[in-house]
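This report refers to the structure that appears directly beneath it.
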Amino acid sequence: MARNVIKPVMSANEAVKNVKDGMSVMIGGFNFGGVPYTLVEALEKAGTSGLTMISNDTSYADVGHGRLVAAGQIKKVIASHIGINKKTGEQYNAGTLELELVPQGTFVERIRAGGFGLGGFLTPTGVGTKVEEGKQVIEVNGKKYLLELPLHADVALIRAHKADRMGNLTYFGTNRNFNPTMATAADLVIAEVDSIVDVGELDPDNVVTPGILVDILVVKGDNYYAART
């Protein structure tokens, strides 16, 4: 999608039509905080399936993006932990869900690498453990590191506090978590926000995600009105 100066404002139902079967989707949030609930609900209702979900966790089976797992819409999960969603473990043990567990610091750094065009990075985290399996080990100055590869997605569903019509985003407290990093690492970025203000109303010092990274804006709780520009 072209990076227009004025971003389209859509209902969640319209916005998630951009997520197609088989795509990879980053979803912001940490447990309950910073999850784009309106977008996730719309994606669940759309029934889009075969998705690779890249998220810090899989929440709970009846909450947020955890519901996508419970509904069988997710083919593969790339996350830091899954223990609070029993459906994730059940599906993995049944062989119906692929799972890649990534240490949390490595997880966010892989996304950052994907967003900034890096070929990967070296980390000592996981050396000598199961995390090392299948990865290249590189020794630097006598110390072993794992080569971790970047993560990139077709679509990112993120949650912010406020946006202006150019798509510049601010965040509130710890709801910020993984959202700004994910905004850099997807072909299409859909941001759910509490409110949209006119251009010039946001304090530039408070802008975390620049509008050039954002493609579509959705107001929290708005599943219904028609797309507009």
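The values are calculated or read from the model by the stated rules, or taken from the named source; none is laboratory data. Fair warning: this is a prediction, and the values are worked out from it, not measured in the lab. All Cβ positions, glycine included, derive from the backbone under ideal geometry; neighbour counts span all protein chains shown. Heavy atoms of the whole protein, side chains included, go into the accessibility calculation; ligands, DNA and RNA do not. Shrake-Rupley method; radii C 1.70, N 1.55, O 1.52, S 1.80 Å.
Could you tell me which of the residues LYS20, LYS45 is among the charged types (D, E, K, R) and part of a loop (DSSP other than H, G, I, E, B)?
Checking each option against the conditions leaves just LYS20.
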Handout entry: Filter result (closer than 25 Å to THR106 by Cβ, in contact with an Asp or Glu (Cβ under 7 Å, 6 or more places away or on another chain) and surrounded by fewer than 23 Cβ atoms within 10 Å (Cβ to Cβ)) within the range 40-78
Key = LYS75, LYS76, ILE78
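Could you check, for the range 186-196, whether at least one of its residues is assigned to a loop (DSSP other than H, G, I, E, B) and out of contact with any His (no Cβ under 9 Å at 6 or more places or on another chain)?
Restricting attention to the range 186-196, the residues satisfying the condition of being assigned to a loop (DSSP other than H, G, I, E, B) are 194.
Filter once more, so that each one left must be out of contact with any His (no Cβ under 9 Å at 6 or more places or on another chain): none.
Scanning the range 186-196, I find no residue that is assigned to a loop (DSSP other than H, G, I, E, B) and out of contact with any His (no Cβ under 9 Å at 6 or more places or on another chain), so the answer is no.
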Fill in the blank from the handout: In the range 114-158, anything open to solvent by less than 30 Å² (accessible area, probe 1.4 Å) and either out of contact with any His (no Cβ under 9 Å at 6 or more places or on another chain) or part of a loop (DSSP other than H, G, I, E, B) (or both) is listed as GLY120, THR123, GLY126, LEU146, GLU148, LEU151, ALA153, VAL155, ALA156, ILE158
Practice task
Tell me which of these GLY200 doesn't satisfy, since it passes every other one: (1) modelled with pLDDT of 95 or more; (2) open to solvent by 30 Å² or more (accessible area, probe 1.4 Å); (3) at positive phi.
Solution key: (1)
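Look through the range 17-33, keep the residues that are within 23 Å of ILE84 (Cβ to Cβ) and either of a type in the set (D, E, K, R) or open to solvent by 50 Å² or more (accessible area, probe 1.4 Å) (or both), and return whichever of them is farthest from the chain's Cα centre (by Cα). Explain how you work it out, then say what you get.
Kept after step one, since they are within 23 Å of ILE84 (Cβ to Cβ), are these residues of the range 17-33: 24-33.
Then drop every residue that is not either of a type in the set (D, E, K, R) or open to solvent by 50 Å² or more (accessible area, probe 1.4 Å) (or both), which leaves 30, 32.
Details: PHE30: 11, PHE32: 14 Å.
Here the residue is PHE32.
Under the condition of being in a loop (DSSP other than H, G, I, E, B) and among the hydrophobic types (A, V, I, L, M, F, W, C), which residue from the range 203-217 is farthest from the chain's Cα centre (by Cα)?
Start the filter on the range 203-217 by keeping residues that are in a loop (DSSP other than H, G, I, E, B), which leaves 203, 207-208, 210, 214-215.
Imposing the further condition that a residue be among the hydrophobic types (A, V, I, L, M, F, W, C) reduces the set to 207-208, 214.
Values: VAL207: 19, VAL208: 16, VAL214: 13 Å.
If we take residues in the range 203-217 being in a loop (DSSP other than H, G, I, E, B) and among the hydrophobic types (A, V, I, L, M, F, W, C), then VAL207 is farthest from the chain's Cα centre (by Cα).
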Practice task
Just give me the residues in the range 173-184 being surrounded by fewer than 24 Cβ atoms within 10 Å (Cβ to Cβ) and not polar (S, T, N, Q), in sequence order.
Solution key: GLY173, ARG176, PRO180
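With the requirement that a residue be part of a helix (DSSP H, G or I) and either under 24 Å from VAL108 (Cα atoms) or open to solvent by 30 Å² or more (accessible area, probe 1.4 Å) (or both), what does the range 3-15 give you?
Filtering the range 3-15 for residues part of a helix (DSSP H, G or I) gives 12-15.
Within the range 3-15, ASN13, GLU14 qualify.
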